[in-house]
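Peer 1: Just dropping this structure here.
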Amino acid sequence: MSVGEHEAGRPAERASGAGARTESRADVAVVGGGPIGLASAWRAAQRGLRVTVLDAGEPGAWLVAAGMLAPVAEADHAEQELLGLGLRAAAGFAAFCAELAEASGRDPGHRPTGTLVVARDRDDAEELERRLAVRTGLGLEATRLLPTRARRAEPALAPTVRLALELPGDHSVDPRRLVAALAEAVERAGGTVRPHAPVRGLAVDGDRVRGVVLRDGTEIAAGTVLVAAGAASGRLEGLPPGAAVPVRPVKGQVLRLRDPRGPGLIERTVRTPDAYLVPREDGRYVLGATMEERGWDTAPTAGGVFELLRDIGEVVPGISELEIEELLAGLRPATPDNLPAIGRGALDGLVWATGHHRNGILLSGLTGELAAAVLCGEPLPHWAAAADPARFAQVRT
C-alpha cells in the first residue's frame with residue numbers, strides 16, 4: 001500500500017507504555033538527517049507527501065566524507081551492480097545539484113574537475129595498468145598518463161610518480177554544503193526537519209510499522225517510516241527477527257587541511273590505491289580515508305593519521321605545509337554485499353534507504369528519487385533491483 005492510500009488525517013494512536021505521548025501523524029517519518037534521508041524527504045515532499053525528517057543531531061558519515069563522485073575510480077568487475085548504480089548517479093549529479101541550488105538558494109559545492117589516480121612505485125603502476133584494463137573493458141573513460149604528462153596536469157605531483165590515470169568523469173561535491181542545501185530544500189517544499197530528535201526504535205503493531213519512538217519516549221505516528229539512519233539503521237529497536245537490514249559500521253579516518261596561501265596546490269582529486277586528497281574551492285582539502293573494521297569505535301588514531309599522510313605525501317609532498325583543521329573518524333554503513341538497501345521492508349509501512357557504504361554522497365540524489373517513488377507505491381525499476389532489501393529477508397541480525 002502506498003503512502004497516499006493511508007488515512008493520513010485520522011487521529012494518532014496512543015503509544016503503549018506509561019508516560020508515552022504521541023505526536024500528530026505524518027505521511028512519512030524519515031529516520032536520519034543525512035544526505036540520503038534529506039534527499040528522499042525532498043523528493044517525497046515534491047510529490048505532495050507530508051514529511052518529517054528526524055535528525056539525531058549527532059555526526060554522521062557525511063560529516064566526515066570527502067564527497068568524491070567517483071564510480072569510475074571505484075569500478076570493479078566484481079561489483080557490476082554497484083558500478084551501474086554509481087554511473088547512473090554520477091551522470092545525473094550535476095543536474096541534481098543545479099536543481100537543488102535553485103530549490104534551496106544554496107550552492108551544494110559541486111566541482112567537475114576530474115580525478116587523477118597516481119602510482120608511487122612499480123607495484124602501484126602495475127595496479128593502475130590492471131585498473132585501466134578493467135575500465136577499458138567496461139567502456140569507461142580513462143587516459144593513461146606517463147610521469148611528464150601527469151606532472152603537467154598537476155604540477156604539485158612528486159617527480160617520483162611512476163604513472164597516472166586521468167578520469168575526467170569523476171567529480172566531487174562538498175557534503176556539508178550538500179546537506180545544508182537539502183535541509184533547506186525540504187523545508188521550502190513543505191517538509192519538516194527536526195534537529196536533535198534521536199530515534200530509539202520503530203513502533204510496530206503485528207506486521208505493520210505505525211511510527212517511530214524517540215529516545216525520550218515520544219512516539220511520532222506515520223503512514224510510512226523511511227529508515228535512512230546510516231550505520232545506526234541496524235540498531236533500531238522494535239523490529240522482529242529477520243525484518244532488519246544487516247548494516248554494520250566501517251570506520252574511516254580523515255584529515256581536513258587548509259592552505260593558508262589559498263587554493264591551487266591541486267585542482268583535481270588525487271588518489272593512490274590507498275588514499276585520496278580532495279580539493280575544495282577555498283584552499284581546503286580532505287585527506288582520507290582509512291577502512292577499519294572496528295565496530296562502533298570512532299576514536300582517531302596516530303597510526304591512521306600516519307598512514308594517510310605517508311601515502312599522499314609520497315605523491316603530493318606539498319601537503320606537509322598545509323594546516324590541520326580537523327581530525328575526524330566516521331562510520332560508513334555497510335551491508336554484506338556492499339550494495340545499498342533501497343525499497344520496501346519486510347513489514348507494511350517500512351521502507352529502507354541505507355547501507356550505502358563508501359557511496360552515500362554519490363548515490364544520494366538517485367536514492368532520493370528511488371525512495372520517493374517507492375513511498376508513492378511505485379516498484380523499483382529493473383536496473384535498481386539489486387538494491388531491493390528483500391534480498392536480506394531471511395537474514396537474522
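Peer 1: Mind checking whether some residue in region 267-278 is under 26 Å from Gly368 (Cα atoms), in the same structural domain as Leu128 (by TED's automatic domain parsing) and not polar (S, T, N, Q)?
Peer 2: yes
Peer 1: Which of (1) touching a Ser or Thr at 6+ places or on another chain (Cβ under 9 Å); (2) farther than 20 Å from Asn359 by Cβ; (3) at pLDDT 95 or above is the odd one out, the single condition Val204 does not satisfy?
Peer 2: Here Val204 meets the rest and fails (1).
Peer 1: Also, I was wondering about something else. Of Gly365, Gly295, Gly303, Gly377, which residue is assigned to a helix (DSSP H, G or I), surrounded by fewer than 16 Cβ atoms within 10 Å (Cβ to Cβ) and out of contact with any Leu (no Cβ under 6 Å at 6 or more places or on another chain)?
Peer 2: Gly303
Peer 1: Something else about it: Might you check whether a residue that is under 26 Å from Ala203 (Cα atoms), crowded, with 17+ Cβ neighbours inside 10 Å, hydroxyl-bearing (Ser, Thr, Tyr) and out of contact with any helix residue (DSSP H, G or I) (no Cβ under 6 Å at 6 or more places or on another chain) occurs anywhere in region 231-242?
Peer 2: The answer is yes, given that some residue of region 231-242 is under 26 Å from Ala203 (Cα atoms), crowded, with 17+ Cβ neighbours inside 10 Å, hydroxyl-bearing (Ser, Thr, Tyr) and out of contact with any helix residue (DSSP H, G or I) (no Cβ under 6 Å at 6 or more places or on another chain).
Peer 1: Residues of region 243-295 being over 25 Å from Glu126 (Cβ atoms), within 21 Å of the chain's Cα centre (by Cα) and free of Cβ contacts under 8 Å to residues at least 60 places away in the same chain, which ones?
Peer 2: Arg284, Tyr285, Glu292, Glu293, Arg294, Gly295
Peer 1: Of the residues Gly92, Gly114, Gly139, Gly86, which is under 30 Å from Arg391 (Cβ atoms), in contact with a Pro (Cβ under 8 Å, 6 or more places away or on another chain) and not aliphatic (A, V, I, L, M)?
Peer 2: Gly86
Peer 1: Which of the numbered conditions does Leu308 fail, given that it passes all the others? Conditions: (1) in contact with a helix residue (DSSP H, G or I) (Cβ under 8 Å, 6 or more places away or on another chain); (2) crowded, with 16+ Cβ neighbours inside 10 Å.
Peer 2: With (1) in contact with a helix residue (DSSP H, G or I) (Cβ under 8 Å, 6 or more places away or on another chain); (2) crowded, with 16+ Cβ neighbours inside 10 Å applied to Leu308, the lone miss is (1).
Peer 1: Looking at Ala119 and the list (1) of a type outside the set (D, E, K, R); (2) at pLDDT 95 or above; (3) within 25 Å of Leu38 (Cβ to Cβ), which single condition is not satisfied?
Peer 2: (3)
Peer 1: Do you know which residues across region 244-265 are more than 21 Å from His357 (Cβ to Cβ) and in a loop (DSSP other than H, G, I, E, B)?
Peer 2: Asp259, Pro260, Arg261, Gly262, Pro263, Gly264, Leu265
Peer 1: Also: Restricting the first residue to region 156-172 and requiring it to be closer than 20 Å to Leu322 by Cα, which pairs with a second residue that is assigned to a strand (DSSP E or B) meet a Cβ separation below 7 Å and a spacing of at least six or different chains?
Peer 2: Leu157/Val118
Peer 1: Now a separate question. Across region 165-224, what is the number of residues that are surrounded by 16 or more Cβ atoms within 10 Å (Cβ to Cβ), acidic (Asp, Glu) and either part of a strand (DSSP E or B) or in contact with a Cys (Cβ under 7 Å, 6 or more places away or on another chain) (or both)?
Peer 2: Qualifying residue count, region 165-224: 2.
Peer 1: Among the residues of region 139-150, how many are part of a helix (DSSP H, G or I) and surrounded by fewer than 17 Cβ atoms within 10 Å (Cβ to Cβ)?
Peer 2: Of the residues in that region, 2 qualify.
The values are calculated or read from the model by the stated rules, or taken from the named source; none is laboratory data. Please read all numbers here as calculations on a predicted model, not as lab measurements. Positions of Cβ are generated from backbone atoms using ideal geometry, with glycine treated the same way; all protein chains shown enter the neighbour counts.
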